[in-house]
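These notes concern the structure reproduced below.
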Amino acid sequence: MRGTPVAIARLDRIVRRRVLNASVARVKVWNAEGKILYSDDRALIGRRFPFGPPELHALRSRTAAAEPIDPANPENATERDLGSLTSVYLGLRAQDGTPVMFEEYLRSSAIAGNSRSVARLFAPIGIAALLVLAALQIPLAWRMERRMRNAQHDREVLLQRAIDASERERRTIAAGLHDGVVQELAGHSFQMAAAIERAEPEPELRRVLAESAAGTRNAIRQLRSLLLEIYPPALRDHGLAAALPDAAAPLAARGIEVSVDVQDGLELPIEVEQLVFRTAQEAIRNVGRHRRSHHRPQRARPAPAVPA
């Protein structure tokens with residue numbers, strides 16, 4: 001701090017023996033007023049240069065900073081022949097508490113080489129860490145994927161069982177109505193038709209029987225329409241060619257012309273027939289709701305092969 005030659009010489013020996021090397025090209029020690037207290041270039045000792053904001057901050061806060069040097073700066077005049085350098089400086093305190101700043105000039109090529117060395121040093125560690133992480137993650141991901149696949153399969157099985165149960169219930173209800181109530185009403189309708197023939201001398205009785213027979217036939221039509229909504233017996237017993245005309249019958253009863261064309265000998269899996277029938281049934285409902293057209297041809301064509 002006082003510029004004692006013996007002290008400066010001792011510091012110079014230490015710097016040259018322990019600090020200067022192929023990476024460190026220059027060493028400077030500054031006081032707070034910008035005076036160079038020591039440098040391995042003795043011509044710089046005692047010279048003053050103004051500090052910039054980064055140097056002042058490092059000096060006051062006792063922190064380290066780094067920046068590339070500008071050879072055009074007067075303080076770097078003696079370093080112009082040393083190549084590309086980076087200045088690294090650190091704020092310190094002398095033994096009596098006086099602020100000083102220690103500065104090294106590092107060769108940029110050495111910094112790049114050190115960076116590559118560090119990268120090579122840590123690359124195996126990083127790769128090993130990634131491999132360990134992958135080894136831990138892959139079984140977890142595989143188990144999670146298997147659980148999700150099993151859960152999806154279970155949901156599909158439950159959904160299919162629910163659909164099958166609903167279809168069986170529909171068939172049971174439809175079969176009960178068709179084989180029971182509808183047949184009984186049909187029988188009563190035939191009996192009333194026969195009674196009308198026998199009641200020819202009695203006009204009033206004939207009128208009552210005719211109205212009852214018409215009401216019975218109307219009830220049969222409504223029940224058959226309900227059977228079509230629940231589960232068409234013709235689809236179950238005779239296939240798509242017999243069920244589609246039944247689906248179109250309500251439109252024909254309302255005066256809307258409907259033609260049904262099913263390919264001869266068409267044979268489809270039952271689930272495909274059900275899908276085609278429900279689709280055609282929905283199309284017929286749409287026609288009935290809008291009623292702007294009087295002709296809606298419905299054609300059933302072979303469906304693509306259904307995988308097992």
Original post:
Among rounded, prolate and oblate, which fits the chain when a ≥ b ≥ c are the square roots of the eigenvalues of its C-alpha gyration tensor, a/c under 1.5 means rounded, and a/b larger than b/c means prolate?
Top reply: prolate
Original post:
What is the distance, in nm, between label points placed 7 Å from the Cα along the Cα-to-Cβ direction at V6 and at T78?
Top reply: 2.4
Original post:
Can you give the extra length, in nm with one decimal, that the chain gains between F49 and A253 once fully stretched, where that is 0.36 nm per residue apart less the Cα-Cα distance?
Top reply: 62.6 nm
Original post:
Once label points are set 7 Å from the Cα along Cα→Cβ at both R149 and V208, what is their separation, rounded to one decimal in nm?
Top reply: 7.5
**OP:** For the stretch 142-149, just list the computed ³J(HN,Hα) in residue order, Karplus coefficients 6.51, -1.76 and 1.60, θ = phi - 60°, integers in Hz, with x standing in for Gly and Pro.
**Re:** 5, 5, 5, 5, 5, 5, 5, 5
Subject >> Difference of contour (0.36 nm per residue) and Cα-Cα distance, N31 to D70 >> reply: 11.9 nm
Original post:
How large is ³J(HN,Hα) for each residue in the stretch 84-95, as worked out from phi by the Karplus curve 6.51 cos²θ - 1.76 cosθ + 1.60 (θ = phi - 60°), to whole Hz, x for Gly and Pro?
Top reply: 6, 10, 10, 8, 10, 10, 9, x, 10, 10, 6, 4
**OP:** Using only Cα atoms, find the angle between the long axis of helix 240-253 and the longest principal axis of the chain, and express it within 0 to 90 degrees, rounded to the nearest 10.
**Re:** 70
Subject >> Computed helical MRE - 222 nm, the chain, DSSP H runs ≥ 4 contributing -39500 (n - 2.57), nearest 500 >> reply: -20000 deg cm²/dmol
Original post:
What distance in nm separates the simple spin-label points at I111 and L159, each placed 7 Å from Cα in the Cβ direction?
Top reply: 6.1
Original post:
Helix 183-198 sits at what angle to the longest principal axis of the chain, using alpha carbons and giving 0 to 90 degrees rounded to 10?
Top reply: 30
Subject >> Charged-residue dipole, Cβ positions (Lys, Arg, Asp, Glu), the stretch 5-113 about Cα centre, Debye nearest 20 >> reply: 420
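May I ask you to compute the full-extension gain from L268 to L185, defined as 0.36 nm times their residue separation minus their alpha-carbon distance, rounded to one decimal in nm? Please list the in-between numbers first.
Working: separation 83, 0.36 × 83 = 29.88 nm, distance 3.34 nm.
This chain segment gains 26.5 nm when fully extended.
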**OP:** Starting from the Cα gyration tensor of the stretch 5-113, take the square roots of the eigenvalues, sort them a ≥ b ≥ c, and report rounded, prolate or oblate (rounded when a/c is under 1.5, otherwise prolate if a/b is larger than b/c, else oblate).
**Re:** rounded
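What list do you get for L209, L20 if you sort them by fewest beta carbons within 10 Å?
If I rank by nearby Cβ atoms, fewest first, I get L20, L209.
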**OP:** Apply the Karplus parameterisation 6.51 cos²θ - 1.76 cosθ + 1.60, with θ equal to phi minus 60°, to every residue of the stretch 154-169 and state each ³J(HN,Hα) to the nearest whole Hz, in sequence, with x for glycine and proline.
**Re:** 4, 4, 5, 5, 4, 5, 5, 5, 5, 5, 4, 5, 5, 5, 5, 5
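Here, each number is a calculation from the coordinates, and none is a lab measurement. Everything quoted here is computed from the prediction, not taken from an experiment. Cβ coordinates were reconstructed from backbone atoms using ideal geometry, including for glycine residues, and neighbour counts include every protein chain displayed.
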